[in-house]
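Below is one structure; the comments refer to it alone.
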Amino acid sequence: MKNSLSVLVGVLMVLGLISFSQAQGTQAPAKKPVGTTFIGTVDSVTMSEIVVVNKDNIKMSFLVVATTTLYNAKGETIGLDKIVKGNEVNVEYKTTAEGVYEAVSVKVTK
């Protein structure tokens with residue numbers, strides 16, 4: 001009887017480990033962060049940051065990095081020096097793991 005009970009417990013443990021290992025392989029991959037858009041008027045520009053204020057007077061600062069793309073109203077790429085206070089812009093951004101808003105692209109609309 002003890003032998004049968006030991007074998008049964010052993011079989012149940014093996015089956016439990018097999019089902020656990022199979023469940024681990026079925027996890028969905030992590031989702032990539034989705035970009036967000038902020039529309040407003042440029043309040044200030046530096047070599048590493050653009051501050052934009054929207055119509056509700058909400059002010060957001062965006063980090064400008066080497067991969068940030070900048071566009072004029074015609075959709076042509078431009079330099080950061082062409083974006084000035086008072087420009088209306090659409091900023092597509094992502095939030096970094098540190099909670100920083102990083103500009104992915106900035107398009108001047110007016």
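Only residues of region 45-65 count here: report those whose backbone N is under 20 Å from the spot 7 Å along Cα→Cβ of T77, or say none. Once the point is set 7 Å along Cα→Cβ of T77, 47-50, 63-65 turn out to lie under 20 Å by backbone N, inside region 45-65. Summing +1 for each Lys or Arg and -1 for each Asp or Glu, what net charge is found among the other residues whose Cβ lies under 12 Å from the Cβ of T46? The answer is -2.
Set the Förster distance to 30 Å, then compute FRET efficiency between T67 and D43 from the Cβ-Cβ distance, nearest 0.05.
The value I calculate is 0.85.
Kindly provide the Kirkwood hydrodynamic radius of region 44-110 in Å, to one decimal, from all pairs of distinct alpha carbon atoms. Provide the component values of the computation, followed by the final result.
Working: mean 1/r = 0.0833 Å⁻¹.
That comes to 12.0 Å for region 44-110.
Throughout, read-outs are computed from the coordinates displayed, never taken from laboratory work. Here the structure is a predicted model, which is why all the values come from computation and not from measurement. Cβ coordinates were reconstructed from backbone atoms using ideal geometry, including for glycine residues, and neighbour counts include every protein chain displayed.
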